[in-house]
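Heads up: the structure comes next, in structure tokens.
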Amino acid sequence: MLLSNTTGERLDPRRFAEKINEWARGTMIGSHGTRFVSVGEGRAVAELHFKPELTQLTGLFHAGAIIAFADETATAASMWELNPTGEFKPELFPLTLQLSVNLIRNTNRGTLTAEAQILHRGRTTIVVEVKVRDEQGKLIAALVATQLAPTPSFLGGGQRPPSEPPP
């Protein structure tokens, strides 16, 4: 799953989105259909097409599907902020610490679009705002995520990244 930009340069937003789409295959992100359109410069845009597997009993999008979609988009924006090279580094993956969500309305058709914008980049956290809209541009949900922003120094000198098994 390690795909890299061997030059260490920042990827443009469309190419970074393509990388995340590749990494998402076989994960929850891929199984429910999130497709990243653009990821870079403190922003991310993703789409989610309506399908019956994403509904609650009344046939509308399940709240959990909308929230997961918004969280995935927030995480994508933070991924670029922490490591814009396009090389997947689990030790630099942003972890959501807290979510606040307002579900405004719902739908049973079409494509949802999530737009994430980084509001704050601190030493150890990133705060991201996400707006989810339907095809008519109507607001479906607003989410604010606080995410852990790991850095190589966060891991401490000589400690192995969380992805490595103990010796």
Problem set entry | Filter result for the condition that a residue is within 16 Å of I140 (Cβ to Cβ), under 15 Å from the mean Cα position of the chain (by Cα) and not in a loop (DSSP other than H, G, I, E, B), over E18, E72, E22, E81 | E72
Problem set entry | From the options S38, S31, residue that is of a type in the set (G, A, S), at negative phi and assigned to a strand (DSSP E or B) | S38
Problem set entry | Selection count, region 89-109, where residues are part of a loop (DSSP other than H, G, I, E, B) and under 13 Å from the mean Cα position of the chain (by Cα) | 2
Exercise. Taking region 46-67 as the region of interest, how many residues are over 9 Å from the mean Cα position of the chain (by Cα) and either assigned to a helix (DSSP H, G or I) or surrounded by 15 or more Cβ atoms within 10 Å (Cβ to Cβ) (or both)?
Worked result: 15
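When only residues in region 34-45 that are closer than 15 Å to E129 by Cα and touching a Pro at 6+ places or on another chain (Cβ under 8 Å) count, which is surrounded by the most Cβ atoms within 10 Å (Cβ to Cβ)? Break it down into steps so the answer makes sense when it comes.
So the first thing to find is which residues in region 34-45 are closer than 15 Å to E129 by Cα, and the list is 39-45.
When the remaining residues are screened for being touching a Pro at 6+ places or on another chain (Cβ under 8 Å), the result is 39-41, 43.
On the way: V39: 32, G40: 21, E41: 15, R43: 18.
Out of the qualifying residues, it is V39.
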For this session: Please tell me if G86 is among the small types (G, A, S) and either on the phi > 0 side of the Ramachandran plot or not in a helix (DSSP H, G or I) (or both).
Result: yes
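Against the definition (touching a helix residue (DSSP H, G or I) at 6+ places or on another chain (Cβ under 9 Å), within 23 Å of R133 (Cβ to Cβ), modelled with pLDDT under 95 and not β-branched (V, I, T)), how does H62 come out, yes or no? Explain how you work it out, then say what you get.
Working: touching a helix residue (DSSP H, G or I) at 6+ places or on another chain (Cβ under 9 Å): yes; within 23 Å of R133 (Cβ to Cβ): yes; modelled with pLDDT under 95: no; not β-branched (V, I, T): yes.
It is false that H62 is touching a helix residue (DSSP H, G or I) at 6+ places or on another chain (Cβ under 9 Å), within 23 Å of R133 (Cβ to Cβ), modelled with pLDDT under 95 and not β-branched (V, I, T).
The values are calculated or read from the model by the stated rules, or taken from the named source; none is laboratory data. Everything quoted here is computed from the prediction, not taken from an experiment. As a convention, Cβ positions derive from the backbone with ideal geometry for all residues, glycine included, and neighbour counts pool all protein chains shown.
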